[in-house]
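Just below is one structure, and these are the notes that go with it.
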Amino acid sequence: CIKKHNLPSNKKIFLYIGWLDKHKGVDHLYEAVKIAGKKRKDLFFIFIGDGSLRNNLISKIKKDKISNLKIIPKVSHKEIPYYINSAEAVILPSEAEGMPNVVLEAMSCGIPVISTDVGDVCEFIKDNQNGMIIKKDPDDIANKVMYILEKNRSSRFGKLARSTMVEKNLSWEKSANNYINIYKKLI
């Protein structure tokens, strides 16, 4: 996965996928990137998405001379698993969500998620077991990035994240069948 997208093989990669807008918490995540980058030089962050903050973030990266963050505007849905599988964790610092697909996709790939407690996230992420719950705070986000890298937690949490998805028996096919059954009952 790392080779396929020319990502740095000597870095610990953390991934954000979503709109680059204020309500998604990317401003907090950007500040966390700066904090974490001062603590460890082997970190690399990727933001995949577009949105109202994209150009602002690109300007800040240049101004602040941040070399451990790459913004990728659009990626086909087919390519998302490659990025997810190259990461130590997926980060979702959002202020509002329903049930974000990126959480389910990452956990299905066996990659832990570091997320705020929004929407239905806590139905899947068990803090400090198969992922981590963060505050909407750059220092907390940076600290959780550091913490998940200690004692092989990323790998352990990832295995438990995958087990959670298997246990819940979630798939696109099952979701589609559930919707079909709902529609049939309504007709």
List pairs: first in segment 1-29 and touching a residue at least 24 places away in the same chain (Cβ under 8 Å), second exposed (fewer than 15 other Cβ atoms within 10 Å of the Cβ), Cβ under 6 Å, 6+ apart or cross-chain? Ile2/Ser9; Lys11/Asp42; Lys12/Asp42; Asp21/Ser52; His23/Glu95; His23/Ala96; Gly25/Glu95
Among the numbered conditions (1) open to solvent by 40 Å² or more (accessible area, probe 1.4 Å); (2) more than 23 Å from Lys38 (Cα to Cα); (3) in contact (Cβ under 8 Å) with a residue 60 or more places away in the chain; (4) not hydrophobic (A, V, I, L, M, F, W, C), tell me where Ser94 comes up short. (1)
Yes/no for Ile133 being outside any loop (DSSP other than H, G, I, E, B), in contact with a Ser or Thr (Cβ under 8 Å, 6 or more places away or on another chain) and free of Cβ contacts under 8 Å to residues at least 60 places away in the same chain: yes
Only one of Glu167, Glu173, Glu150 is open to solvent by 70 Å² or more (accessible area, probe 1.4 Å) and either under 19 Å from Ile35 (Cβ atoms) or in contact with a Leu (Cβ under 7 Å, 6 or more places away or on another chain) (or both), namely Glu150
Matching residues in segment 36-90 (in contact (Cβ under 8 Å) with a residue 40 or more places away in the chain, buried (at least 18 other Cβ atoms within 10 Å of the Cβ) and part of a loop (DSSP other than H, G, I, E, B)) number 4
Return yes or no: is Ile111 in a strand (DSSP E or B) and either more than 13 Å from the chain's Cα centre (by Cα) or of a type outside the set (S, T, N, Q) (or both)? no
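The values are calculated or read from the model by the stated rules, or taken from the named source; none is laboratory data. In this text the structure is predicted, and so the values were computed from the model without any measurement. Quick reminder, even Gly has a Cβ in these numbers, built from the backbone with ideal geometry, and neighbours come from all protein chains shown. Each accessible area value is taken on the protein alone, full model and side chains, heavy atoms only, with ligands, DNA and RNA left out. Shrake-Rupley method; radii C 1.70, N 1.55, O 1.52, S 1.80 Å.
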